[in-house]
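Heads up: the structure comes next, in structure tokens.
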Amino acid sequence: MIYLTTLLLSLFLTITLIPFSIRIAEKVKALDIPDERKVHTVPIPRIGGIAMAVGTFVSMLLWASQNNFLRGYAIGAGIIVLFGIIDDLKDLGYKAKFSGQMIATLVVIFYGGLKITNLGMLLPDNVTLPEWVSIPLTLVFIVGVTNAINLADGLDGLAGGICLLSFCCIGYLAFLEDNTIIALLSLSIVGAIFGFLRFNTYPASLFMGDTGSQFLGFSLVTTSIALTQGDTALSPVLPLIIFGFPVLDTVTVMFERVSERRPLFSPDKNHFHHRLIGLRLYHTEAVLIIYIIQAVLVTSAFVFRFYSDWVLLIGYAIFATMILTAFFMADRTGFVLRRQGIVDTEIKGRLKVLKEKGIFIIVFFRIVEFGVPLLLFLTCFIPRTVPKIFGIFSAGLIVFIVAIWFLKKPWLRSVLTVTIYLLIPLTVYLSTADARISKDLLHLPALYDAAFVFLLIFVILTLRFTRRKRGFKATPMDFLIFFIALVAPYIAGTYTEYKQIGAVAAKTIMLFFSYEVLMGELRGQFNRLTFSTICSLLVISARGFLGG
């Protein structure tokens, strides 16, 4: 339960703090101004990283036990955030940025004890690196990856999505290795990123700025090193696989600048995401392709985590060669995507006509409107028992919702949102940890699990065909939700406790996403949703008081 609590606390804190961050950014003029290198056309606040950092620090320090690494990380990350805030406000030069990154890295090395001392089978007889080698190597690696993530932050949702997938992988590997500190730290960052992406997916209303991108990069590289160094069977090459795409992007761009005798830190549009846009891919298509590549990498890191270090290194070399060859051939042949091909004219064109006519949206939305609350209602019956404290809490929520419904209806959406976000993890956790589904209720647990995937498909179809011009729309984040929801329950092996964690995470994410879409589509008409929510709370409350 502590893992779910850490995730949700970070998520809620980040979502709560972001509106305040936006208002502060507008007052202090911390805005990202469009120029010829950027894809957005209006000034956008760029201090979303502060909300992510606060959400992470609070949830991490509240639950995680203290040790030297965690203290060193917290101090180092605090330095990164401080320099990032100044940079977002005053535009620091690269020398000042590097100074802050190096100070933070030295803190986590000398105070946190984080060093790359083992390269596995890459060295004969698993030789341990001496400090005069390990310290500079660790310094260069941490600073390099921190900047790689910073440079990857070029499209809406891109850096956040890459890091989200990476931290999911690191957190789960840490969980399997019984490394509670890294697992909790990763989950707290996952929650913060999820909260941030709600505002950063295309078209973004908020950027993470250098504060967020450097914070995520520093956190990603330090947690991956801490996980794969020391007493563990995990390969020390795994970090290269987990965040190999942004690292390859940065190395390629730096090599091109050196070969062209340009300043190493001169801005250009040679990053992989710029090149994908140059191939006439749309913004969302470019981000989605990079998400898919990153998903393949983190899945490979999990599957091959115990393989030979040389196998992993050769595999990464093959991956890098394929990526670079694809871009080289595209540049050499002048290839660009034909936007008037079969995809745009036939598939997208027909979908646009259907969307404008509204033929399918009514059916899709009705399935979502009735199916999602019904699934949550049925989930309330699955736990064998409901603790009395949950029954009391649910009864209190019922009274509060009814009062708001009749006395302060404009507040109803906010109250329903908070209630649903509390009810979902509670019921999903109880139904998974102490289920009676196989004996007393449906007799077909696979059918119950399939209902989540079935409804998620219709939720995404509803987003795709919606006529709404504003609000929650279909974005590449849908892929992240779908990937995590489908993969999480099935990568846990045969251990029951691991499968439970994956199932809780997947079902919680799917229901969060589904209710977010549903509330947007209801356009303020919340009477049915309020009634169904009260019914679910009544079940939890009655079972809590009756002890069953």
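The values are calculated or read from the model by the stated rules, or taken from the named source; none is laboratory data. Because the structure is a prediction, the values reported are computed rather than measured. Here Cβ is always computed from backbone atoms with ideal geometry, including for glycine, and neighbour counts include all displayed protein chains.
Take the range 394-434 and flag every residue that is in contact with a Lys or Arg (Cβ under 6 Å, 6 or more places away or on another chain) and not in a helix (DSSP H, G or I).
Here is the first cut: in the range 394-434, the ones in contact with a Lys or Arg (Cβ under 6 Å, 6 or more places away or on another chain) are 428, 434.
Matches in the range 394-434: 434 only.
Any residue in the range 199-214 that is within 20 Å of residue 3 (Cα to Cα), assigned to a helix (DSSP H, G or I), outside the structural domain of residue 421 (by TED's automatic domain parsing) and touching a helix residue (DSSP H, G or I) at 6+ places or on another chain (Cβ under 7 Å)?
Scanning the range 199-214, I find no residue that is within 20 Å of residue 3 (Cα to Cα), assigned to a helix (DSSP H, G or I), outside the structural domain of residue 421 (by TED's automatic domain parsing) and touching a helix residue (DSSP H, G or I) at 6+ places or on another chain (Cβ under 7 Å), so the answer is no.
Within the range 244-294, if we keep just the residues that are of a type in the set (S, T, N, Q) and more than 21 Å from residue 200 (Cα to Cα), the residue that is nearest to the chain's Cα centre (by Cα) turns out to be 250.
Given the condition under 16 Å from residue 164 (Cα atoms) and assigned by TED's automatic domain parsing to the domain that holds residue 312, answer yes or no: does some residue in the range 224-231 qualify? Taking every residue of the range 224-231 in turn, at least one turns out to be under 16 Å from residue 164 (Cα atoms) and assigned by TED's automatic domain parsing to the domain that holds residue 312.
So which residues in the range 301-328 are closer than 29 Å to residue 174 by Cα and either surrounded by fewer than 14 Cβ atoms within 10 Å (Cβ to Cβ) or hydroxyl-bearing (Ser, Thr, Tyr) (or both), if there are any at all? Answer for the range 301-328, where residues must be closer than 29 Å to residue 174 by Cα and either surrounded by fewer than 14 Cβ atoms within 10 Å (Cβ to Cβ) or hydroxyl-bearing (Ser, Thr, Tyr) (or both): 303, 306, 307, 308, 310, 311, 314, 316, 317, 318. Looking at residue 444, is it assigned by TED's automatic domain parsing to the domain that holds residue 530 and at pLDDT below 85? Taking the combined requirement at face value, the residue satisfies it. Can you tell me which residue is modelled with the lowest pLDDT among those in the range 524-548 that are more than 28 Å from residue 389 (Cβ to Cβ) and not in a helix (DSSP H, G or I)? So, considering only residues that are more than 28 Å from residue 389 (Cβ to Cβ) and not in a helix (DSSP H, G or I), the one modelled with the lowest pLDDT is 524.
Picking from residues in the range 377-393 that are assigned to a helix (DSSP H, G or I) and modelled with pLDDT under 90, the one that is nearest to the chain's Cα centre (by Cα) is 379.
Is it the case that residue 521 is surrounded by fewer than 20 Cβ atoms within 10 Å (Cβ to Cβ), in contact with a Phe, Trp or Tyr (Cβ under 7 Å, 6 or more places away or on another chain), within 21 Å of residue 457 (Cβ to Cβ) and modelled with pLDDT of 75 or more? Criteria not met by residue 521. Taking the conditions (1) assigned to a loop (DSSP other than H, G, I, E, B); (2) surrounded by fewer than 17 Cβ atoms within 10 Å (Cβ to Cβ); (3) among the small types (Gly, Ala, Ser) in turn, residue 96 satisfies each one other than (1).
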